[in-house]
Amino acid sequence: MSRHVALLRGVNLGKRQVKSAELIAAFEAMGFANVKTLLASGNVLFDGEAPERGRIEAALERHFGFEVGTVLRSQAEMRALVARDPFKGRLEDADTKLYVTFLAEPDARTLPMPCGIAGDFEVVDLTEREVFMLAFRLPNGRFGLGMDQVSKHFGSKRLWTSRNFNTVLKAAA
């Protein structure tokens, strides 16, 4: 058995509320062990053999009554992302946040490079299944509003979800 991370798309938004205890119970009912949510219930760590995304999504939909898009990575893959140092040692500060967009299927290299909007966001690295972005504080106090261009590129038919790099660091640990 190995450790895995399920990154759930669109939970705890509006009427799509998922309590951590219920999510843990749902993953345990699927036969996974050592289940734990991370930071919020949109991130689940669990032990199991080669989890199948379709099986997990179907079980979550049955349990919660709505679709829950799921992107899976092994904890080893998360550790490899951290070791890759995609942000070249750059850390978050008051004016810059670090984000990773995870794709369920390899497709990230279709993103035209360079990609970004000066003073808004910048794509700094790609793998086949991840996009690494810097988001800059805008005059209105928000970060990287133009990053939605990246999600529009991948569209609604492809499964993707984004996380702050701090979440990746915690999932890898």
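Considering every residue within segment 70-83, establish whether at least one is more than 19 Å from Thr161 (Cβ to Cβ), over 16 Å from the mean Cα position of the chain (by Cα) and either open to solvent by 40 Å² or more (accessible area, probe 1.4 Å) or not aliphatic (A, V, I, L, M) (or both). Yes, the conditions are met somewhere in segment 70-83.
Across segment 126-142, the number of residues qualifying as surrounded by fewer than 21 Cβ atoms within 10 Å (Cβ to Cβ) and either in contact with an Asp or Glu (Cβ under 9 Å, 6 or more places away or on another chain) or of a type in the set (Val, Ile, Thr) (or both) comes to 6.
Can you name the residue in segment 33-59 that is modelled with pLDDT of 95 or more, in contact with a helix residue (DSSP H, G or I) (Cβ under 9 Å, 6 or more places away or on another chain) and not in a strand (DSSP E or B) and is also surrounded by the most Cβ atoms within 10 Å (Cβ to Cβ) among such residues? Residue satisfying both the conditions and the ranking: Ile56.
With Pro114, Pro106 as the choices, which residue is over 15 Å from the mean Cα position of the chain (by Cα) and modelled with pLDDT under 95? Explain how you work it out, then say what you get.
On the way: Pro106 fails: over 15 Å from the mean Cα position of the chain (by Cα).
Pro114 is the lone residue from the list that is over 15 Å from the mean Cα position of the chain (by Cα) and modelled with pLDDT under 95.
Only a single item in (1) surrounded by fewer than 13 Cβ atoms within 10 Å (Cβ to Cβ); (2) not in a helix (DSSP H, G or I) is not met by Arg62, and it is number (2). Of a type in the set (Val, Ile, Thr), free of Cβ contacts under 8 Å to residues at least 40 places away in the same chain and in a strand (DSSP E or B) - does that describe any residue in segment 120-127? Yes, some residue in segment 120-127 is of a type in the set (Val, Ile, Thr), free of Cβ contacts under 8 Å to residues at least 40 places away in the same chain and in a strand (DSSP E or B).
Which residues, taken from segment 85-116, are basic (Lys, Arg) and either farther than 16 Å from Thr167 by Cα or part of a loop (DSSP other than H, G, I, E, B) (or both)?
Lys88, Arg90, Arg109, listed by residue number.
Of all residues in segment 143-153, those satisfying the criterion of being open to solvent by less than 40 Å² (accessible area, probe 1.4 Å), within 22 Å of Leu8 (Cβ to Cβ) and at pLDDT 90 or above are Gly144, Met147, Val150. For Asp120, the criteria (1) exposed (fewer than 13 other Cβ atoms within 10 Å of the Cβ); (2) modelled with pLDDT of 95 or more; (3) of a type in the set (D, E, K, R) hold in every case but one, which is (1).
The values are calculated or read from the model by the stated rules, or taken from the named source; none is laboratory data. Because the structure is predicted, anything quoted here is derived from the model rather than measured. Methodologically, a virtual Cβ is constructed for each residue, glycine included, from the backbone with ideal geometry; neighbour enumeration extends over all protein chains shown. For accessibility, only protein heavy atoms count, side chains too; no ligands or nucleic acids. Shrake-Rupley method; radii C 1.70, N 1.55, O 1.52, S 1.80 Å.
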